[in-house]
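The values are calculated or read from the model by the stated rules, or taken from the named source; none is laboratory data. Given the structure is predicted, the values throughout are model-derived calculations rather than measurements. So basically every Cβ, Gly included, is an ideal-geometry build from the backbone, and we count neighbours across all protein chains shown. To get the accessible areas, we keep the full protein, side chains included, count just its heavy atoms, and leave off ligands, DNA and RNA. Shrake-Rupley method; radii C 1.70, N 1.55, O 1.52, S 1.80 Å.
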Amino acid sequence: MDKLPALEDIKVFVTAARFMSFARTSEQLMVSPAYISKRIKLLEENLGFTLFYRSARSISLTPEGEIVLRTGVQMLQELDSMKDELLACRQETRGMLRISCSTGFGTEFLNPFILSLRDSYPLLGIDLQLVDRSVDIVTENVDLDICLGGNIPEQYIARKLARNYRVFCASPSYLEQHGWPDHPRDLEHAHACISIRERNHNPASWKIERGGEKLTVAPNSQLSVNNGNVAKQWCLNGEGILLRSIWSIRKELGEGRLVHVLPEWQQPADVYAVYSRQTGTSANLRVFIEQLELYLKQNMA
């Protein structure tokens, strides 16, 4: 036997062995009797054994044919089981989904979202990794990465889930002591800044926009950290000016504990779902992304 037999030949043989008739097999498979004879002959040549005793009126299995029938039935059953499992992946929301996200956003939004999702999809397991570094979703076996802004590798699929942007803020105590910046360039020398090295993003420069105008600023960063919540605490303590997502500081702005400075300038940082395969192949992935998009629309406004 030089090569493995074709599945089509196994299927034809098993059907013929059940009916013990090439004519009935051709009717069942909706092909010609000549096609049945050809496929079985090819299978016999491939295996190097005669599988049927043939007479003018009937056929019967040889001992070798009995072996091929037993094994062939098992093969086709396994193939059907494989097809059913793959179909379930497309249609059923169950099993484990591995997700990564930054600590701040994951704590603020993914945590309550996942708890609410569990009520509707109790068979869906979640493995959530909150990491303040870049994630390679393929090598780290992650199904879905939720990221804010940044550069998304071209080989991945990215779906925008919600609009987000970063703004400049400072505490009232800092502004009383150091004054207000008049222009983003003031942040390069005249003011102290706090930088976030979240997810390995380079804190050495801030790319900001005002209408159609774009500007890159190299902040005078006297403090830097890889966690946004820590950076916010430093800012609340009057340590410097911070560029932070609006969702993270909206409460503090409303309470007056932080002040929005340079309000005409901001940095786009939309929320994206990043994944490596089409959602049509995974009900888990499709449901999580679609439900998260709805949740963020209701809770990030």
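Suppose the filter is among the basic types (Lys, Arg) and in contact (Cβ under 8 Å) with a residue 60 or more places away in the chain; does LYS41 pass it?
Values: among the basic types (Lys, Arg): yes; in contact (Cβ under 8 Å) with a residue 60 or more places away in the chain: no.
In short, no.
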Pairs returned, first residue in the stretch 10-34 that is free of Cβ contacts under 8 Å to residues at least 40 places away in the same chain, second residue that is outside any helix (DSSP H, G or I) and open to solvent by 50 Å² or more (accessible area, probe 1.4 Å), beta-carbon separation under 9 angstrom, 6 or more apart or interchain, are VAL12/VAL31; SER21/SER58; THR25/VAL31; SER26/SER32
Identify all residues within the stretch 130-152 that are under 16 Å from ALA162 (Cα atoms) and in a loop (DSSP other than H, G, I, E, B); write none if there are none. GLY149, GLY150, ILE152
Under the condition of being modelled with pLDDT of 85 or more and not in a helix (DSSP H, G or I), which residue from the stretch 67-103 is surrounded by the fewest Cβ atoms within 10 Å (Cβ to Cβ)? MET96
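Which members of the stretch 191-224 meet the condition of being part of a loop (DSSP other than H, G, I, E, B) and modelled with pLDDT of 90 or more? Spell out the reasoning first.
Filtering the stretch 191-224 for residues part of a loop (DSSP other than H, G, I, E, B) gives 191-192, 197, 201-205, 211-212, 218-220.
Within the stretch 191-224, HIS191, ALA192, ALA218, PRO219, ASN220 meet the criteria.
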PRO181 vs (1) under 19 Å from VAL274 (Cβ atoms); (2) in contact (Cβ under 8 Å) with a residue 24 or more places away in the chain: all pass except (1)
Based on this model, can you work out whether GLY106 counts as modelled with pLDDT of 85 or more, more than 23 Å from HIS260 (Cα to Cα), open to solvent by less than 10 Å² (accessible area, probe 1.4 Å) and touching a strand residue (DSSP E or B) at 6+ places or on another chain (Cβ under 9 Å)? yes
Name the one entry in SER195, SER205, SER171 that is open to solvent by less than 50 Å² (accessible area, probe 1.4 Å) and touching a Gly at 6+ places or on another chain (Cβ under 6 Å). SER171
Only one of ILE152, ILE146 that is modelled with pLDDT under 90, among the β-branched types (Val, Ile, Thr) and within 21 Å of TYR272 (Cβ to Cβ): ILE152
Could you list, in sequence order, the residues of the stretch 242-266 that are more than 14 Å from ALA170 (Cβ to Cβ) and of a type in the set (D, E, K, R)? ARG250, LYS251, GLU255, GLU264
Top-ranked residue in the stretch 154-173 [being touching a residue at least 24 places away in the same chain (Cβ under 8 Å) and not in a strand (DSSP E or B); ranked as nearest to the chain's Cα centre (by Cα)]: TYR156
Return the total of residues in the stretch 119-142 being surrounded by 13 or more Cβ atoms within 10 Å (Cβ to Cβ), of a type outside the set (Val, Ile, Thr) and within 13 Å of MET96 (Cβ to Cβ). 5
